[in-house]
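Asker: First, the structure itself, so that you have it in front of you.
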Amino acid sequence: MAPHLELHALEKRFGATRAVQALTLAVGKGELIGLLGPSGCGKTTTLRMIGGLMPASAGRIVVAGRDVTALPPHQRDMGIVFQNYALFPHMDVAQNLSFGLEMRKIPAAERAARVTRALAMVRLEAFARRKPRELSGGQQQRVALARALVIEPSILLLDEPLSNLDANLREEMRNEIRDIQQRLGITAVFVTHDQSEALAICDRIAVMRLGVLEQLGTPFEIYERPANEFVAGFVGRVNRAPAERLADGRLRLGELLVQGSGTAGPGPVTLMIRPHRIRLGDGALEGPGWNSATGTVTRRTFVGDLLSIEVTVGPATLLVEQHSFAGAPGPAPGDAVQLAWRAEDTLVFPARVPA
Amino acid sequence: MSGRSGLLPLLVLPAVAVNLLVFLWPILNLAGLSFREGLPGGGLGTEFTLATWQELAADEFFREILLRSIVMSLSITLLALLAAYPLAFFVHRSDPRWRSILVVACISPLLISAVVRTYGWLVILGDRGFAPAILRGIGIEPGRLVFNMTGVVIGLVEILMPYMILCLLAGFGRLNHTLEEAAASLGAPPFTVFRRIVLPLTLPGILLGCLLTFVLTISSFITPKLLGGGRVLLLATEIYDQAIVTLNWPLAAALSVIALGVFGLAIFVYGRIARAAERAIA
Ligand SMILES: Nc1ncnc2c1ncn2[C@@H]1O[C@H](COP(=O)(O)OP(=O)(O)OP(=O)(O)O)[C@@H](O)[C@H]1O
Ligand SMILES: [Mg+2]
């Protein structure tokens, strides 16, 4: 399938800072792609260039085979949900939603029907006649979302559309966005710095850092096969330990010799192990493909469904997360415990050269 | 809250007192003056008389002056708005580093007395000034630019523009560039963005600027006198002439009361429009 939205070597410079560098990305028709990265990595800048709100310093933007790099925003047929909502303060909620439909010369009756439907979608039927300033932050955000969706754009650009919602509503709305996007077959770019949000609803995720695309892949690939230490550390929690790759491929972590995945080394490397992939055990899991170690518990934190335990193993401190079981408070600080984890869960990356 | 707000009226008491003393009292005095008989040489009779008002009502000349003053002031207000709006928009939109400098540049003409600036315009627009010279240079025969209505309008628009710019800038506060971007992303071409978003949001500033410019225009007399060369007769210049030259104080007083009525009307109209706009915008 030919991609619907393509970015070719897209670049944005602000004076000396390069907010986005050589970004190449192809988004399929009806695909939801997540732009994930820490604050200031160029997510908003990328989105603004796609939407035509900011000229690119270099590179091309292609939609359905047509170069739109020089097209003004009002001719791009893209719905944008802005990070700060950008609701029109002099119009009520219904008028805000209706605006884009008026621009598309939709007849009044159909306009009203579509506005009503869109309001129902974001559960704001009762607020149609309110002015934006009479709404809470979360409600404003939902209006912004509805305003972008009601025009049924060919491409939807969302800049952290859920950042101001509480946890429950946030999950509800993100599933709603996903449903609508799937139902209407809208190609969407979803900017977020919340990795669980990105993992939950995106078809693919583009992880950015300092304006550079670090990895593009499905949520599974991003989580399980991070391309580098940054991606591994940014997406999901992870234990980090300095180690050394020996000539025979094994890894030396203090006194301990373990096996890992990846080809980095030989020489100094960084091991990364997800806390919930480490099992607390009695040695029964030892076998081919498993690493095992003995350590001392230094801290135990009980957070309801999770039990997280810090274990010192040689030079490293590993965080271990287990589902909690009723009647078993788990090992206490000072206890010696057996740890086991699989070789393929031991991610190995070249040690970062100290800056 | 209610306990404290009970004290609030007390806080405005000094202002009310001062206003009564230095504003209302002289105005009432002035109104009273218009009902006295004017004696030659600036004297005043003691009798109550409606003569001055009857004369005003009967004389076509004063109605013409009133009409001319209002039409001219409205035109100047409109021209000042058209000239100031793009400028204020540019200043508002410019880099914050330059903005304050630009604001100062826009209002710096206020540092020079209107009289001096009026003389400046006399030089520029005069028959041997550079404005007619430039126009002739590009092949336009400008006709006379001073000592007529043209000169008065040009001079007043320029002199009052800083006030208009200040009011517009104050009103631009509600404008946010993202709103324009949002409108564009929803499919609005630039002019529609201006009409549907920018204009409604900047309307309060526009209205305030228009009120101020209108009132300042209709009450200005130095510039119309100098640039009109005595040939442009307006309400304010007539008041001046009657009070200072002819020494017909009752007539000057009656004309002043009429001018005051025009101000009141302007403020009333402004209030109605502003409130309607506020309801639509807020
Ligand atoms: N108009 C601008 N002028 C100069 N620098 C800018 C401008 N806009 C953005 N930047 C810089 O470009 C970089 C990327 O900014 P951007 O807004 O795209 O970040 P972001 O990934 O959206 O961050 P956040 O998650 O905080 O929203 C930042 O370093 C920022 O300081
Ligand atoms: Mg951003």
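Asker: Which is within 14 Å of chain A (Cβ to nearest Cβ) and closer than 20 Å to B:Val269 by Cβ, of B:Gly173, B:Gly209, B:Gly187, B:Gly205?
Answerer: The unique qualifying residue is B:Gly205.
Asker: Would you be able to say whether some residue in the range B:181-194 is in a helix (DSSP H, G or I) and closer than 28 Å to B:Ser73 by Cα?
Answerer: Within the range B:181-194, one or more residues are in a helix (DSSP H, G or I) and closer than 28 Å to B:Ser73 by Cα.
Asker: Looking only at the range A:43-63, count every residue that is of a type outside the set (A, V, I, L, M), within 14 Å of chain B (Cβ to nearest Cβ), more than 8 Å from ligand 1 (Cβ to nearest atom) and over 17 Å from A:His4 (Cα atoms) and tell me the total.
Answerer: So the count comes out to 1.
Residues are listed down the side, and each one gets a yes or a no for (1) out of contact with any Leu (no Cβ under 9 Å at 6 or more places or on another chain); (2) assigned to a helix (DSSP H, G or I); (3) closer than 18 Å to B:His92 by Cβ:
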{"position": "B:Ile107", "(1), (2), (3)": "no, yes, yes"}
{"position": "B:Arg117", "(1), (2), (3)": "yes, yes, no"}
{"position": "B:Arg128", "(1), (2), (3)": "yes, no, no"}
{"position": "B:Pro132", "(1), (2), (3)": "no, yes, no"}
{"position": "B:Thr150", "(1), (2), (3)": "no, yes, no"}
{"position": "B:Val198", "(1), (2), (3)": "no, yes, yes"}
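Asker: Right, another one. Can you name the residue in the range A:196-216 that is farther than 16 Å from A:Gly42 by Cα and touching a helix residue (DSSP H, G or I) at 6+ places or on another chain (Cβ under 9 Å) and, of all such residues, is surrounded by the fewest Cβ atoms within 10 Å (Cβ to Cβ)?
Answerer: A:Ala200
Asker: I've got another one for you. Does the range A:16-28 contain any residue that is more than 20 Å from the chain's Cα centre (by Cα) and over 16 Å from A:Leu213 (Cβ atoms)?
Answerer: yes
Asker: Being part of a loop (DSSP other than H, G, I, E, B) and either under 27 Å from the mean Cα position of the chain (by Cα) or modelled with pLDDT under 85 (or both): is that true of A:Glu286 here?
Answerer: It is true that A:Glu286 is part of a loop (DSSP other than H, G, I, E, B) and either under 27 Å from the mean Cα position of the chain (by Cα) or modelled with pLDDT under 85 (or both).
Asker: Looking at A:Glu102, A:Glu152 in this structure, which one is at pLDDT 95 or above, away from ligand 2 (no atom under 16 Å from the Cβ) and over 23 Å from the mean Cα position of the chain (by Cα)?
Answerer: None of the others qualify; the one that does is A:Glu102.
Asker: Quick check: is even one residue across the range A:97-105 farther than 17 Å from A:Ala128 by Cβ and more than 7 Å from chain B (Cβ to nearest Cβ)?
Answerer: Yes - at least one qualifying residue is present in the range A:97-105.
Asker: For the range A:336-355, does any single residue satisfy the condition of being at positive phi, in the same structural domain as A:Thr294 (by TED's automatic domain parsing) and touching a residue at least 12 places away in the same chain (Cβ under 8 Å)?
Answerer: no
Asker: Here is a follow-up. Whether any residue in the range A:39-50 is away from ligand 2 (no atom under 16 Å from the Cβ) and touching a strand residue (DSSP E or B) at 6+ places or on another chain (Cβ under 7 Å) is what I want to check.
Answerer: Within the range A:39-50, none of the residues are away from ligand 2 (no atom under 16 Å from the Cβ) and touching a strand residue (DSSP E or B) at 6+ places or on another chain (Cβ under 7 Å).
Asker: Do you know which of the residues in the range A:71-96 that are at the interface with chain B (Cβ under 8 Å from one of its Cβ atoms) and among the charged types (D, E, K, R) is nearest to ligand 2 (Cβ to nearest atom)?
Answerer: A:Arg76
Asker: Is it true that A:Arg183 is within 13 Å of ligand 1 (Cβ to nearest atom) and either over 23 Å from A:Asn84 (Cβ atoms) or not assigned by TED's automatic domain parsing to the domain that holds A:Gly51 (or both)?
Answerer: No.
Asker: A follow-up question, please. Just to be sure, is A:Leu135 within 13 Å of chain B (Cβ to nearest Cβ) and among the aliphatic types (A, V, I, L, M)?
Answerer: no
For (1) assigned by TED's automatic domain parsing to the domain that holds A:Ile222; (2) of a type outside the set (A, V, I, L, M, F, W, C); (3) at pLDDT 90 or above; (4) over 26 Å from A:Ser39 (Cβ atoms), each residue gets a yes or a no:
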| site | (1), (2), (3), (4) |
| --- | --- |
| A:Arg123 | yes, yes, no, yes |
| A:Leu156 | yes, no, yes, no |
| A:Met173 | yes, no, no, no |
| A:Arg178 | yes, yes, yes, no |
| A:Val191 | yes, no, yes, no |
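Asker: Sticking with this structure for a sec: Any idea how many residues of the range A:263-279 are touching a Pro at 6+ places or on another chain (Cβ under 9 Å) and of a type outside the set (S, T, N, Q)?
Answerer: 7
Asker: Answer yes or no as to whether A:Arg76 is basic (Lys, Arg), under 21 Å from A:Thr192 (Cβ atoms) and touching a helix residue (DSSP H, G or I) at 6+ places or on another chain (Cβ under 9 Å).
Answerer: no
Asker: Is it the case that A:Val27 is within 12 Å of ligand 1 (Cβ to nearest atom) and in contact with a Leu (Cβ under 8 Å, 6 or more places away or on another chain)?
Answerer: In short, no.
Residue-by-condition table, conditions (1) touching a helix residue (DSSP H, G or I) at 6+ places or on another chain (Cβ under 9 Å); (2) without any contact (Cβ under 8 Å) to a residue 60 or more places away in the chain; (3) farther than 15 Å from B:Thr217 by Cα:
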site: B:Ala114; (1), (2), (3): yes, no, no
site: B:Gly126; (1), (2), (3): yes, yes, yes
site: B:Leu145; (1), (2), (3): yes, yes, yes
site: B:Met149; (1), (2), (3): yes, no, no
site: B:Val152; (1), (2), (3): yes, no, no
site: B:Pro162; (1), (2), (3): yes, yes, no
site: B:Leu175; (1), (2), (3): yes, no, yes
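Asker: Right, here's the next one. I need every pair where a residue in the range A:39-59 that is among the hydroxyl-bearing types (Ser, Thr, Tyr) has its Cβ under 6 Å from the Cβ of a residue that is not in a helix (DSSP H, G or I), sequence separation at least 6 or different chains.
Answerer: Close Cβ pairs (under 6 Å, with a partner that is not in a helix (DSSP H, G or I)) amount to A:Thr44/A:Asp159; A:Thr45/A:Lys12; A:Thr45/A:Ala19; A:Thr45/A:Val20; A:Thr46/A:Val20; A:Ser57/A:Glu11; A:Ser57/A:Lys12; A:Ser57/A:Arg13.
Asker: Here is a further query. Name, by its number, the condition in (1) crowded, with 19+ Cβ neighbours inside 10 Å; (2) more than 30 Å from B:Ala182 (Cβ to Cβ); (3) without any contact (Cβ under 8 Å) to a residue 40 or more places away in the chain that does not hold for B:Gly228.
Answerer: Status for B:Gly228: all satisfied but (3).
Asker: Could you tell me which residue of the range A:155-187 is farthest from ligand 2 (Cβ to nearest atom), considering only residues that are among the hydrophobic types (A, V, I, L, M, F, W, C) and within 14 Å of chain B (Cβ to nearest Cβ)?
Answerer: Looking at the filtered set, the residue picked out is A:Ile155.
Asker: If I filter the range A:65-79 for residues that are under 29 Å from A:Phe234 (Cα atoms) and within 16 Å of ligand 1 (Cβ to nearest atom), do I get at least one hit?
Answerer: No, there is no match, as no residue in the range A:65-79 is under 29 Å from A:Phe234 (Cα atoms) and within 16 Å of ligand 1 (Cβ to nearest atom).
Asker: Can you name the number of the only condition in (1) closer than 19 Å to A:Arg174 by Cβ; (2) touching a residue at least 40 places away in the same chain (Cβ under 8 Å); (3) of a type in the set (S, T, N, Q) that A:Asn96 fails?
Answerer: Of (1) closer than 19 Å to A:Arg174 by Cβ; (2) touching a residue at least 40 places away in the same chain (Cβ under 8 Å); (3) of a type in the set (S, T, N, Q), only one is false for A:Asn96: (1).
The values are calculated or read from the model by the stated rules, or taken from the named source; none is laboratory data. Since the model is a prediction, treat every value here as computed from it, not as a measurement. No Cβ is skipped: glycine too gets one built from the backbone with ideal geometry, and neighbour counts run over all protein chains shown.
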